[in-house]
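Quick note: the coordinates plus some simple rules give every number you see, no bench work behind them. Nothing here was measured: the structure is a model prediction, and the numbers come from that model. In this analysis, Cβ positions are derived from the backbone assuming ideal geometry, glycine residues included, and neighbour counts consider all displayed protein chains.
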Amino acid sequence: MSLVCRPLLTLLLLCFAVHSPLVQADSVLTIARGDDNYAPYEFHDANEQLTGFHIELTEQAAARLGRSTDYVLAPWTRELAITRRGDVDAISYAGFTKARAKDFIYLEGNAISVANQFLITRADLSPPIDFDQIGQGKDLSLGLVRGFSYGARLDQL
């Protein structure tokens, strides 16, 4: 799944550490993450070491809690399922949706990274695309990946 399709809002690791009996009983935080490279957020470097912005922040949070981490790689929908089921303690990141908020804790101001998605066109395209018309949604069909939020404005459209 591409980064553009994944708005990046973290599920608070600290809350899992405080509230999850599984985490309290073990010194290892088991974290679900995507089964691909999502540089610069989560990826394997030239030495095949897991790294990236999200990984570094997760490692720092775990260290402050006196925990180590273990990552479970899974396809996106499985990440959500195994986290809901309690097979892992947390998920590395997941965009906010009302449905997910029933199962997961999202705290305002706790975004570890964010992304904006844009409809773009080539500068040399003639005639140019009228983005004002697209923004109004007139006669527009748009395919979205189920289970993802693309931001409030697009969600409303």
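Extending each Cα 7 Å along its Cβ direction at GLU48 and ALA99, get the distance between those two points in nm, one decimal. The two pseudo-label positions are separated by 3.6 nm. Using a cut-off of under 14 Å, list every residue of region 66-81 whose amide N is near the label point 7 Å from the Cα of ASP35 along the Cα-to-beta-carbon line. It comes to 72-81, nothing else. What spacing in nm lies between the two simple spin-label points modelled at VAL114 and ASP70, each 7 Å away from Cα in the Cβ direction? For the pair VAL114/ASP70, the computed spacing is 3.5 nm.
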